[in-house]
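Trainee: I have a structure here, written as structure tokens, and I will follow up with some questions on it.
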Amino acid sequence: QVQLVESGGGLVQPGGSLRLSCAASVSGFSAYVMAWYRQAPGKQREMVATISIPSSKSVADSVKGRFAITRDNAKNTMYLQMNSLKPEDTGVYYCNRFPIPFNSWGQGTQVTVSS
């Protein structure tokens, strides 16, 4: 059974930084392409960043140059370093497999960027 636990969100002022963590209880974690997704209020969930094997990375244009995705396969953990945050980055952030997510989603972690 897959369990994904996101953490690290919070309230931050524009221009600030946060580091999100994703703890994955899933067999074979290192073999999966993983991603961070976010869902802003009233909008559909969107992919923010992906990390594949061995560690090829991509980020959405909206966060390019500001967000960085990493993973630690030994710890079954993935991270999202978010810098220069903007109000439009506000939303609930989730981690999951990419491009076909696991059926089970975590509770997400709320990120609010506001002055």
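The values are calculated or read from the model by the stated rules, or taken from the named source; none is laboratory data. Everything numeric in this text was worked out from a predicted model, so none of it was measured. Cβ atoms come from the backbone with ideal geometry, glycine included; neighbour counts cover every protein chain shown. For accessibility, only protein heavy atoms count, side chains too; no ligands or nucleic acids. Shrake-Rupley method; radii C 1.70, N 1.55, O 1.52, S 1.80 Å.
Trainee: Could you list, in sequence order, all residues of segment 25-45 that are hydrophobic (A, V, I, L, M, F, W, C) and closer than 19 Å to PHE67 by Cβ?
Mentor: Those that are hydrophobic (A, V, I, L, M, F, W, C) and closer than 19 Å to PHE67 by Cβ: VAL33, MET34, ALA35, TRP36, ALA40.
Trainee: Residues of segment 103-115 being open to solvent by 20 Å² or more (accessible area, probe 1.4 Å) and assigned to a loop (DSSP other than H, G, I, E, B), which ones?
Mentor: ASN103, SER104, TRP105, GLN107, SER114, SER115
Trainee: Also, quick follow-up: Can you list residue pairs whose Cβ atoms sit under 8 Å apart, with the first residue in segment 74-91 being farther than 10 Å from VAL113 by Cβ and the second being of a type in the set (Phe, Trp, Tyr) and in a helix (DSSP H, G or I)? Count only pairs 6 or more apart in sequence or on different chains.
Mentor: Cβ pairs passing all conditions: ASN76/PHE29.
Trainee: Out of segment 60-90, which residues are under 11 Å from the mean Cα position of the chain (by Cα) and more than 13 Å from VAL33 (Cα to Cα)?
Mentor: PHE67, ALA68, TYR79, LEU80, GLN81, MET82
Trainee: Let me ask something else. Do you know which residues across segment 1-54 are in contact (Cβ under 8 Å) with a residue 40 or more places away in the chain, over 14 Å from the mean Cα position of the chain (by Cα) and within 18 Å of ASN73 (Cβ to Cβ)?
Mentor: Correct list: VAL2, GLN3, SER25, VAL26, PHE29, SER30, TYR32.
Conditions (1) in a loop (DSSP other than H, G, I, E, B); (2) buried (at least 16 other Cβ atoms within 10 Å of the Cβ); (3) modelled with pLDDT under 95, marked per residue:
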| position | (1), (2), (3) |
| --- | --- |
| MET47 | no, yes, no |
| ILE53 | yes, no, yes |
| SER62 | no, no, no |
| THR70 | no, no, no |
| TYR79 | no, yes, no |
| LEU85 | yes, yes, no |
| TYR93 | no, yes, no |
| ILE100 | yes, no, no |
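Trainee: Hey, another quick one. Scan segment 5-37 for residues that are in a helix (DSSP H, G or I) and either within 21 Å of VAL63 (Cβ to Cβ) or acidic (Asp, Glu) (or both) and report the count.
Mentor: 0
Trainee: Then there's this: Among the residues of segment 6-22, what is the count of those that are within 17 Å of THR70 (Cβ to Cβ) and open to solvent by 50 Å² or more (accessible area, probe 1.4 Å)?
Mentor: 3
Trainee: Please tell me if VAL33 is within 18 Å of GLN81 (Cβ to Cβ), in contact with a Phe, Trp or Tyr (Cβ under 6 Å, 6 or more places away or on another chain) and among the aliphatic types (A, V, I, L, M).
Mentor: For VAL33, the condition - within 18 Å of GLN81 (Cβ to Cβ), in contact with a Phe, Trp or Tyr (Cβ under 6 Å, 6 or more places away or on another chain) and among the aliphatic types (A, V, I, L, M) - is not met.
Trainee: Still on this model: Just the residues that are touching a Lys or Arg at 6+ places or on another chain (Cβ under 8 Å) and over 18 Å from GLN107 (Cβ atoms), please, taken from segment 47-65.
Mentor: ALA49, THR50, ILE51, SER55
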